1. Pairing the Cα long axis of helix 172-181 with the longest principal axis of the chain, what angle in degrees results, from 0 to 90 and rounded to the nearest 10?
2. If you take the alpha carbon radius of gyration of segment 263-403 and divide it by 2.2 N^0.38 Å, what ratio comes out, to two decimals?
3. Determine ³J(HN,Hα), in whole Hz, for all residues of segment 222-227 in sequence, where each value follows from phi through the Karplus function 6.51 cos²θ - 1.76 cosθ + 1.60 and θ = phi - 60°; x replaces Gly and Pro.
4. Hey, rough spin-label estimate for Arg121 and Arg151, points 7 angstrom out along Cα→Cβ, what's it come to in nanometres?
5. What relative contact order, as a whole-number percentage, does the chain give when Cα pairs under 8 Å and 6 or more residues apart are counted?
6. Whose amide H sits under 5 Å from the amide H of Ser89, counting only residues 5 or more places off or on another chain, with H placed in the peptide plane?
7. According to the square roots a ≥ b ≥ c of the eigenvalues of the Cα gyration tensor, what is the shape class of segment 161-308, taking rounded for a/c under 1.5, prolate for a/b larger than b/c otherwise, and oblate for the remainder?
8. Given 25 °C and 0.890 mPa s, compute D for the chain with the Stokes-Einstein relation, Rh being the Kirkwood radius over Cα pairs; round to the nearest whole µm²/s.
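Each reported figure results from applying straightforward, stated rules to the coordinates on display, with no laboratory input. In this text, all values refer to a predicted model and were calculated from it rather than measured experimentally. Neighbour counts run over all protein chains shown; Cβ positions are idealised from the backbone, glycine included.
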Amino acid sequence: MMPEDRGWSGLSAKLVRLGRPADAEPGFVNPPVARGSTVLYENMDAMRARSAQRYEHALIYGAMGGPTQSLLEEAIAAIEGGRHTQVVSSGLAACTTPLLAFLGAGGHCLMPDSVYGPTRRFCDTLLRRLGVETTYYDPLIERSDLRALMRPTTQVLFAESPGSHSFEVQDVRMLAQVAHEHGAKLMLDNTWGIHVFQPFEHGVDVSIQALTKYPSGHADSVVGAITVVDQADWVVVRDAAVQIGQYASPDECWLTLRGLRTMGVRLERQSRSALVVARWLQERAEVARVLHPALPGSPGHAFWARDFNGASSLFGVEFKPKFSASAVEDMVAALAVFSLGASWGGYESLALPTTGIISRAASRRQPDIGDGGPALRLHVGLESPEDLIADLDGGLAVLRAASA
């Protein structure tokens, strides 16, 4: 069995039942959405008792979460293999909240050079103003080089595996070992690897999910999640989320719970279709390289084969240098099945020109990524791979004509 086929057995059976109250009375399959801000108590003793349970997501005040949020948190913690989850307002908030929780003035953070752009901007602006220094490292860094970057003040080592534009799979096991040797926390943006990469089995301390993507699956909600396995880490994350007012609304959580029910079948279909499309693109004369972690030759493929039980539906394409960035934009404009869009993880196929993102990273720290040609990021949805390939075939004709 190929690694991309190992991860789907039993997932859908689990997702059908996760996030449903065990003691629910007979009734509808989906739990009701519980909206509210004010919580009423019979007396002060009851209020004090409930307030003392703030780390257990007790119902205290609407902005600290309620029944709908708790059901989603239980489901995500189970999928990630963690103990506690905090839902927050977006995937970006899931990145920034734990950074604020574990970093302090005078602290040092290590970030992969391929990290999600808004996370990088947060480090270079707000964290810098708060007195935190960030160093960017090659996502495929060797152990000795990473150790050389660690400082006594390094509090967080952040990973994004694979990178959301350049798709390097990182050696998370090694990152965890080095981080823990130096007393730092390893945080991982695991959005691409939901379910198919179990972060806590590899030493991750904090796992981050943009639930906007695969769990929601319908491009109609924005929500994020922070999951931990250690109780002490949970206290730090939960305190930070409460203090800065980070939570996700009950309606967003309910939509995500609904989407979660079908995530297994969607991921299985989309991952297999993505590999069909990616392998077809590999054979095209216009393409210099396909950046898909499950394909040999993609950066960090050996770590994917070792650590992952499946693949995602997001990958990159680098065209040969003779094609221009504007020609790629013309190609995308001509596509009929793929739409131009910046998000991913939903049921719809998307194409996004990414020319410059990979080459800028290459010029800084990744000389083996990129050959100077324009780039495109593809997200494969639920459409048939045959229709997607036909659409791309027509788009490549436009690419050739625009570059003639």
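1. The answer is roughly 50 degrees.
2. My calculation over the Cα atoms of segment 263-403 gives 1.00.
3. Using θ = phi - 60°, the values come out as 10, 7, x, 8, 10, 10 Hz.
4. Once both label points are built, they end up 2.5 nm from each other.
5. 18
6. Gly224, Tyr247
7. It comes out oblate by the Cα gyration axes.
8. 112
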